[in-house]
């Protein structure tokens, strides 16, 4: 399912964009959901636990402008499609800092937004949205790869830390940790940094010599012998060279 976030601090403008986006979804018969935010802080809080494929942002907002918001979103998710919809033409050049898909001027032209959304949708690789099924004491649990921040072998089980902070623990696994997490490692965002740890690189705040710090402060170690290879894999991902595994 495609997730679209709209952020505008003026309610009437937010509703206009929301209506047009929903008309687009209906016309194209897309499996999509729309989330609206009246304040950029609320959107950034939501980004801590949810991934959006498309962001439609106003430029002039309280506390943090659209460029700053876009740069922060880009730091959290380099693959997001960012669209600016604004009355402020003077920020067009500055907006390149966030690498937006388009910069549309209000009053919003419905067809221009439709065309831009067509382009945004074409750039979204929904094949990345996969799920894994984990056997737990409570029964089967289906997890999306985007909801997993990292996982760790814990004895003969595997603990999954979700982006919400929840921990899901599997039943005893009958194979190696590397074999167990193979479905995750097919996703270019995931990296095995240690014989007992794997992480979602889109959740990384920083890389230290001892390991990764994820958003929220979770530490994921890197095996000393693998540090150079792990560091290079992470840098390739951040630089956009990890498109294929």
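Checked against (1) within 26 Å of residue 150 (Cβ to Cβ); (2) in contact with a helix residue (DSSP H, G or I) (Cβ under 8 Å, 6 or more places away or on another chain); (3) exposed (fewer than 15 other Cβ atoms within 10 Å of the Cβ), residue 23 meets all criteria but (1).
Given the criteria under 27 Å from residue 1 (Cβ atoms) and modelled with pLDDT of 95 or more, does residue 185 qualify?
no
Counting only strands (runs of 3 or more DSSP E) wholly contained in the stretch 25-138, the ones carrying 2 or more residues that are within 30 Å of residue 172 (Cα to Cα) occupy 131-136.
Out of all the residues in the stretch 86-116, which are in contact (Cβ under 8 Å) with a residue 60 or more places away in the chain and touching a helix residue (DSSP H, G or I) at 6+ places or on another chain (Cβ under 6 Å)? Residues satisfying the conditions are 110, 113, 114. The single condition among (1) under 16 Å from residue 39 (Cα atoms); (2) surrounded by 17 or more Cβ atoms within 10 Å (Cβ to Cβ); (3) under 18 Å from the mean Cα position of the chain (by Cα) that residue 86 does not meet is (3). Looking at the stretch 35-53, can you tell me whether even one residue there is loosely packed, with under 15 Cβ neighbours inside 10 Å, more than 22 Å from the chain's Cα centre (by Cα) and assigned by TED's automatic domain parsing to the domain that holds residue 118? Looking for residues that are loosely packed, with under 15 Cβ neighbours inside 10 Å, more than 22 Å from the chain's Cα centre (by Cα) and assigned by TED's automatic domain parsing to the domain that holds residue 118, one finds none in the stretch 35-53, hence no. Look at residue 185 and say whether it is under 23 Å from residue 47 (Cβ atoms), under 19 Å from the mean Cα position of the chain (by Cα) and touching a residue at least 12 places away in the same chain (Cβ under 8 Å). No.
The values are calculated or read from the model by the stated rules, or taken from the named source; none is laboratory data. No experiment lies behind these values; they were computed from the predicted model shown. For neighbour counting, all protein chains shown are included, and Cβ atoms are generated from backbone atoms with ideal geometry for every residue, glycine included.
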